[in-house]
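Report on the structure given below.
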Amino acid sequence: MTAWTRPVLAPTPVSMRRLALAGVIADTVIMSTGAAVRLSASGLGCPDWPQCSAADVVASKNAGQTLLNTWIEFGNRLLNFPLVIIAALIFVAAWRFRPDGRRRRDLVWLGAAQPLGVVAQAVIGGIVVLTKLSPATVSVHFLVSAAVVAAAVALHMRCAAIAATPGVSETPPVRRDLRMISAALVAVTCLMLAAGTVVTGTGPLAGDAGVPRYKLPLEGVTQLHADIGWLLAGLSIALVLGLRLSGAPRRAVRAGWIMLAALGSQGVIGYIQYFTHLPAGLVWVHVTGSVLVWIAVLRLFFTVRERTPVNTARTGQAVTVPSRQSVAGGPGGRPPQPTLPLDR
């Protein structure tokens, strides 16, 4: 077994965590480049599937599309190949990973979600092209990608917990009411992502000038999206303050602040893009930012549920504290009796 294959065929907690992180990064990149395809009006750069066109397997100039549009779409398709490789490596590593001498079924399922998600996205992407960017199929395409990202984040967080807490005891997790707020935060973020796909599918940046749109008022769906964002902000502020004031573990508080900073930046960008009439570049930043917010919310959700490690490997020598009677010699002049060690 070489040094190249050992992290996959004989994974350690550290190498498994790194592979899982690679999955999170790869899924985020493919979502970001997919958004670039749509926002650059390159959604039909390759009008056929799985070939780029009926006549060409690879990118070539098609009627109504520039060569640049074609290569943007085709380049996004090519990114699926390294994504498949990364996903397959993650699954193999999760299958062979035995942190406590036995296979972890939850990690295997989360690892399997990576290659299965790539296959599902390839099929859905083909449907998107063949239906000429139907807004409903494009929304499903984006939301399934978000689900794959969620599985990747869950896998990374569990692997990170295994790598960080071998052989230690644990303290109780964050308060139950705060954990419930974090779950509500995940649900509202899902709603916000769905609303965001409707806004894009209604507005001028739906992938191509001639593709169908949602038959909805743009101002109305944009306002709904903003209202969900404000609800998300209120829950986030309440959760971060609750974590800070309740004496929650430092790791949970830090994850809360990161999530709040990401959400605040996303809100500012959202309002700027709206009042500047939706420039494509800024909308791309906003869509990519929504993926980062999703990751931050998920990380916070898992962090407030994990138990904080407390190292008890070194307890030192037992410390004895004499009682009042033993200090005075005790009844009958008996020698002082030791008490239980303080660190136990």
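The values are calculated or read from the model by the stated rules, or taken from the named source; none is laboratory data. Just so it is clear, the model here is predicted, and its values are computed rather than measured. The protein model used for the area step is the full one, side chains on, heavy atoms only, and it has no ligands, DNA or RNA in it. Shrake-Rupley method; radii C 1.70, N 1.55, O 1.52, S 1.80 Å.
Some notes on this structure:
- Solvent-accessible heavy-atom area per residue, rounded to whole Å², over the stretch 2-57 at 1.4 Å: 47
- The stretch 282-308 versus the stretch 13-80: alpha-carbon centroid distance in Å: 23
- Using C-alpha pairs below 8 Å separated by at least 6 residues, the relative contact order for the stretch 124-269 is 26 percent.
- Accessible carbon and sulfur surface of the stretch 93-191 relative to its total accessible area, %, 1.4 Å: 67
- Solvent-accessible surface of the stretch 164-251, averaged per residue with a 1.4 angstrom probe and all protein chains in place: 54 square angstrom.
- The HN-Hα couplings worked out from phi for the stretch 177-193 by the Karplus form 6.51 cos²θ - 1.76 cosθ + 1.60 (θ = phi - 60°) are 5, 6, 5, 5, 5, 5, 5, 4, 4, 4, 4, 5, 5, 4, 5, 5, 4 Hz, whole numbers, x standing for Gly and Pro.
- Accessible area expressed per residue, the stretch 67-145, with surrounding protein chains retained (probe 1.4 Å, Å²): 52
- The amide H of Val58, built 1.01 Å from its N in the peptide plane, has Cys52 as neighbours under 5 Å, considering only residues 5 or more places off or on other chains.
- Of the solvent-accessible surface of the stretch 1-46, computed with a 1.4 Å probe and all protein chains present, 74% belongs to carbon and sulfur.
- Length-normalised contact order of the stretch 99-171 in % [C-alpha pairs under 8 Å, at least 6 apart]: 41
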